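Undergrad: One structure follows; several queries about it will come next.
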Amino acid sequence: MTHPFSALTPDLVLDALESTGLRCDGRMLALNSFENRVYQVGREEGAPVVAKFYRPERWSNEAILEEHAFTRELTEQEIPVVAPLELASRTLHEFGGFRFAVYPRQGGRPPELDDTGTLEWMGRFLGRIHAVGATRPFAHRPVLDIETFGTAPRAWLLENGWIPPELLSAWESVSAQALEGVRHCFARAGGIARLRLHGDCHMGNVLWADDGPHFVDFDDCRTGPAVQDLWMLLSGERDAMTRQLGDVLAGYEDFCEFDRRELHLVEALRTLRLLHYSAWLARRWDDPAFPAAFPWFNTPHYWQDRILELREQVALMQEPPLAA
């Protein structure tokens, strides 16, 4: 019970929300989130709200407020993102040693990414998000680059002894090859533009309702290449991903130009995400929620699979990029 989130009791959550002027009715449901803690909380009057309690010491207040400002900027352009509510004249609150924000509840289901119309619709809104994101830079949010998403996570895993001794040599070698492949991909792409992004635009962060997609959880928003928000919508074999990419860009380029050179980065960004994800799990292993949710992590089988995965990525990064 030494982890900071251990102090985040149900009573503290309700007291925190009531400190903003909301009147809660005692109903509370924990939602699926590991980096932060997120709860749906019922109110005495009105629809339930969603409260996000930020992981202590992860972001500065300035970085969190920049996330909030970006989402509110997007909603002002009538782009369907879920932005925090302004309560007591602010969006970021503090109570009991925790920082938190309150959001309207947004229902929905995962999008059907095998449907052409859905992909075009997603592309149109991502194009609109990026058109706004390109108008000014972040000042406090991080940049998605090879160092922070690849080199540093790899070094941290090695320095802290997370790789089993019998697999250390193989993982160390293939991860080095993978990073070299990433560097070659970025070199082939050349001097591409970087803009404000969602940053983690996977299916779990898009809720589909009758009126289309709603983008949620901008907790990982950062500066990076536009394709970072597109490649996670692609899956399957190369032919399938080519078709999907064409559908996404058919909508995207109605609102924002896409630099085809960024297609050199699709597999490179996937490789960086794989390295970053392993380090993320390891860094959070002192949080009791992680061993319970990811019992397969840090087993020899887990690292064997990662070695095979990285070998596949080394090969994929040597292939020509997708052609939309």
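Undergrad: Among the residues of segment 180-206, write down those that are free of Cβ contacts under 8 Å to residues at least 60 places away in the same chain and farther than 18 Å from LEU234 by Cβ.
TA: Those that are free of Cβ contacts under 8 Å to residues at least 60 places away in the same chain and farther than 18 Å from LEU234 by Cβ: GLU180, ARG183, ALA187, GLY191, ARG194.
Undergrad: Of the residues GLY42, GLY26, which is touching a Lys or Arg at 6+ places or on another chain (Cβ under 6 Å), over 21 Å from PHE290 (Cα atoms) and among the small types (Gly, Ala, Ser)?
TA: Working: GLY26 fails: touching a Lys or Arg at 6+ places or on another chain (Cβ under 6 Å).
On inspection, the qualifying residue turns out to be GLY42.
Undergrad: If you don't mind, there's one more thing I want to ask. Looking at segment 4-15, which of its residues are within 24 Å of LEU281 (Cα to Cα), among the hydrophobic types (A, V, I, L, M, F, W, C) and part of a helix (DSSP H, G or I)?
TA: PHE5, ALA7
Undergrad: While we're looking at this one, here's another question. Test of understanding: among GLU67, GLU94, GLU78, which residue is under 17 Å from the mean Cα position of the chain (by Cα) and of a type outside the set (Gly, Ala, Ser)?
TA: Answer to the check: GLU67.
So that you can scan it fast, the table gives a plain yes or no per residue for (1) within 22 Å of TRP171 (Cα to Cα); (2) touching a residue at least 12 places away in the same chain (Cβ under 8 Å); (3) in the same structural domain as PHE149 (by TED's automatic domain parsing); (4) not in a loop (DSSP other than H, G, I, E, B):
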{"site": "ALA250", "(1), (2), (3), (4)": "no, yes, yes, yes"}
{"site": "CYS256", "(1), (2), (3), (4)": "no, yes, yes, no"}
{"site": "LEU275", "(1), (2), (3), (4)": "yes, yes, yes, yes"}
{"site": "PRO295", "(1), (2), (3), (4)": "yes, no, yes, no"}
{"site": "GLU309", "(1), (2), (3), (4)": "yes, yes, yes, yes"}
{"site": "ALA323", "(1), (2), (3), (4)": "no, yes, no, no"}
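Undergrad: Can you tell me which residues in segment 255-278 are over 23 Å from ALA189 (Cα atoms) and either surrounded by fewer than 21 Cβ atoms within 10 Å (Cβ to Cβ) or of a type in the set (D, E, K, R) (or both)? Steps first, answer last, please.
TA: First pass over segment 255-278, keeping only residues over 23 Å from ALA189 (Cα atoms): 277-278.
TYR277 - this is the single residue of segment 255-278 that is over 23 Å from ALA189 (Cα atoms) and either surrounded by fewer than 21 Cβ atoms within 10 Å (Cβ to Cβ) or of a type in the set (D, E, K, R) (or both).
Undergrad: Which condition breaks for PRO300 when tested against (1) surrounded by fewer than 19 Cβ atoms within 10 Å (Cβ to Cβ); (2) within 24 Å of ALA193 (Cα to Cα)?
TA: (2)
Undergrad: Any residue at all in segment 287-300 that's among the charged types (D, E, K, R) and touching a helix residue (DSSP H, G or I) at 6+ places or on another chain (Cβ under 8 Å)?
TA: Within segment 287-300, one or more residues are among the charged types (D, E, K, R) and touching a helix residue (DSSP H, G or I) at 6+ places or on another chain (Cβ under 8 Å).
Undergrad: Still on this structure: Between residues in segment 125-140 that are closer than 14 Å to GLU66 by Cα and residues that are small (Gly, Ala, Ser) and crowded, with 21+ Cβ neighbours inside 10 Å, which pairs lie under 9 Å by C-beta distance while being six or more apart or on different chains?
TA: That search, which allows pairs on different chains as well, returns GLY133/ALA226.
Undergrad: Out of curiosity, is GLY46 in the same structural domain as TRP285 (by TED's automatic domain parsing), over 18 Å from VAL216 (Cβ atoms) and either of a type outside the set (Val, Ile, Thr) or surrounded by fewer than 17 Cβ atoms within 10 Å (Cβ to Cβ) (or both)?
TA: Numbers: in the same structural domain as TRP285 (by TED's automatic domain parsing): no; over 18 Å from VAL216 (Cβ atoms): yes; either of a type outside the set (Val, Ile, Thr) or surrounded by fewer than 17 Cβ atoms within 10 Å (Cβ to Cβ) (or both): yes.
Here the answer is no, as GLY46 does not meet what is asked.
The values are calculated or read from the model by the stated rules, or taken from the named source; none is laboratory data. Keep in mind that what you see is a predicted model, and the values were worked out from it rather than measured. Please note: Cβ atoms are built from the backbone with ideal geometry, for glycine as well, and neighbour counts cover all protein chains shown.
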